[in-house]
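Below: the structure, in structure tokens.
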Amino acid sequence: MSEVLVLVEHVDGDVKKVTLELLTLARSLGAPAAVWAGPGYSETAKDRLAEYGAEKVYVADAEEITDYVVAPKAELLAKLVADTAPAGVLVAATAEGKEIAGRLAVKTDSGVITDAVGLGEGFVADQSIFGGGVNVRSRVARGTPIVAVRPNSAAPVAAAGAAVEEKVEVALSDAARAARVVERVKQEKGARPELTEAAVVVSGGRGVGSAESFALIEKLADSLDAAVGASRAATDAGWYPHQFQVGQTGKTVAPQLYIAAGISGAIQHRAGMQTSKTIVVINKDAEAPIFEIADYGVVGDLFQVVPQLTEEIEKRK
């Protein structure tokens, strides 16, 4: 069975949830082979990868891989593609992951699919394109399939793998050293999960009305152990930080549950969340476009509905 390379997303040595999702998908397509790029690899990380089915772990833990911007990881994957002839390569559809996928496609003369929300036999990918207006199934026509999969597109399922280690060294080209990281500033992480990886997201829009009123959205999110998102209208108004914007020009999410409060549902916002598994809408305008994609809708004033919903959730905890 051919290997399926999975680029590991990790922070301070901790394997991120999206990697476990990719390993789960890879098991249905071949033998999952995790690719660890940069420092931080440990026995704990190996055990985590093995728990979710990694049959092999390629370890390239040289410091210089993360000393430069993006390119070294693409060169590492290109080397592994040339050496192992895998059935395909899976990466997370993050900003960095999609750039790595594009660079790898050029280096290997292969096709690339980004923002996949599903992946089936033969590396046939489900995608939502044209601002979320069209759902398609796509397949790479040439070379090694390279697919960037959105976080939360698959539920991670544990299945023990051998996780046989193999050290990999890659000689970086001068081009890969063209952009060096000169400083890193660590952003303080709050108690809420990361927006793009959260299983539950609660977002507020123009209907929230003010920055102070976003406390309602945050309280509901905290009752569900959810991440907080916002529409472009809300972030442009300065009611919530731009890094939490969900939409075509913000972040793309695909949680198990997405709650939209006071969001009308412009195509720009829908493009960033309409692949969510279950969508719940709270809006006093019964004609709001977002109701078209809602699984459940509440026509009502969010200032009445959201506190009641939060209270009921707290009662049932």
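Read-outs: derived from the displayed coordinates by stated rules, not from any lab. Remember, predicted model here, so these are calculated numbers, not experimental data. Cβ: placed from backbone, ideal geometry, glycine included. Neighbour counts: every protein chain shown.
What shape does the chain take by its C-alpha gyration tensor, where a ≥ b ≥ c are the square roots of the eigenvalues and a/c under 1.5 counts as rounded, a/b above b/c as prolate, and the rest as oblate? Taking the square roots of the gyration eigenvalues as a ≥ b ≥ c, the chain is prolate.
Working note: Karplus 6.51/-1.76/1.60 with θ = phi - 60° gives the stretch 251-263 the couplings 9, 9, 10, 9, x, 5, 9, 10, 10, 10, 10, x, 10 Hz, where Gly and Pro are set to x.
Within straight-line reach of K56, meaning a Cα separation under 20 Å, sit the following aspartates and glutamates at least 8 residues removed in sequence or on another chain: E3, E9, D14, E21, E43, D47, E75, D83, E165, E166, E169.
Normalised by the number of residues in the stretch 251-317, the mean separation of alpha-carbon contacts (under 8 Å, six or more apart) gives a relative contact order of 29 percent. Calculated over the stretch 88-195, the projected area of the Cα convex hull averaged across directions stands at 10.7 nm². Shown here for the stretch 270-314: GluC sites (Glu not before Pro) in loop regions (DSSP other than H, G, I, E, B) with at most 10 other Cβ atoms within 10 Å, namely E287. Beyond 29 Å in Cα-Cα separation lie the following of the pairs K107/K167; K79/K277; K16/K219: K79/K277.
Under 8 Å for C-alpha pairs, at least 6 residues apart: give me the relative contact order for the stretch 84-165, rounded to a whole percent.
Value for the stretch 84-165: 36 percent.
The stretch 73-145 and the stretch 171-205 have Cα centres lying 20 Å from one another.
With Cα atoms as the point set, the stretch 3-177 shows a radius of gyration and Dmax of 14.9, 45 Å.
You can think of it this way: the chain between A82 and E287 has 68.4 nm of extra reach, that is 0.36 nm per residue less the Cα-Cα gap. For the stretch 3-177, relative contact order (Cα pairs under 8 Å, six or more residues apart, normalised by length) works out to 30 percent. Of all DSSP beta bridges confined to the stretch 3-177, the antiparallel ones make up roughly 30%.
Spin-label model, A237/E218: points 7 Å from Cα along the beta carbon direction are separated by 1.7 nm. Taking the Cα centre of the chain as reference, the dipole from Cβ charges on Lys and Arg (+1) and Asp and Glu (-1) amounts to some 540 debye.
For q = 0.17, 0.19, 0.20 Å⁻¹, what log10 I(q)/I(0) does the stretch 200-315 give under the Debye formula with an equal point scatterer on each alpha carbon and no solvent? Scattering profile of the stretch 200-315, log10 relative to I(0): -0.71, -0.91, -1.02.
Under a model in which nothing but the beta-carbon of Lys, Arg (+1) and Asp, Glu (-1) is charged, the stretch 221-304 shows a dipole of about 240 debye around its Cα centre.
Assign unit charges at the C-beta atoms only (+1 for Lys and Arg, -1 for Asp and Glu), then state the dipole size of the stretch 3-177 relative to its Cα centre in Debye, rounded to the nearest 20.
680
For K98, the aspartates and glutamates whose Cα comes closer than 12 Å to its Cα, not counting residues fewer than 8 places off in the same chain, are D115. Sorting M273, M1 by the number of Cβ atoms found within 10 Å of their own Cβ, with the fewest placed first, yields M1, M273. Which of A125, A215, S138 sits farthest toward the positive end of the charge dipole of the stretch 71-230, with +1 on the Cβ of Lys and Arg and -1 on the Cβ of Asp and Glu? It is S138, whose Cα lies furthest towards the positive end.
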